[in-house]
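Here's the structure, in structure tokens; my notes come after.
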Amino acid sequence: MFNPDYMKSLYDHPNGIYILSTGVIMQLIGWLIIKKIVNIQI
């Protein structure tokens with residue numbers, strides 16, 4: 001599905017680890033914001 005050499009740089013390089021962790025944190029923040037928007041009290 002993906003080129004293993006291309007994906008390996010995300011795990012080996014310090015910037016790749018930073019990019020992956022930033023992506024996970026942004027996903028969690030987005031999930032929390034959407035959860036707050038959808039949870040409307042009537």
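The values are calculated or read from the model by the stated rules, or taken from the named source; none is laboratory data. All of these numbers come straight from a predicted model, not from anything done at the bench. Using ideal geometry, Cβ is built from the backbone for each residue, glycine included, and neighbour counts are taken over all protein chains shown.
Looking across the stretch 1-13, just one residue is assigned to a helix (DSSP H, G or I) and of a type in the set (S, T, N, Q), and that is S9.
The residues listed here are G30, G16; of these, the one that is surrounded by 10 or more Cβ atoms within 10 Å (Cβ to Cβ), in contact with a helix residue (DSSP H, G or I) (Cβ under 7 Å, 6 or more places away or on another chain) and either modelled with pLDDT of 90 or more or in a helix (DSSP H, G or I) (or both) is G16. Filtering K35, K8 for residues that are surrounded by 10 or more Cβ atoms within 10 Å (Cβ to Cβ) and basic (K, R) leaves a single hit, K8. Contact annotation: residue pairs with Cβ atoms under 8 Å, 6 or more positions apart or on different chains, pairing a residue in the stretch 19-41 that is aliphatic (A, V, I, L, M) with a partner that is surrounded by 10 or more Cβ atoms within 10 Å (Cβ to Cβ), are I19/L10; L20/L10.
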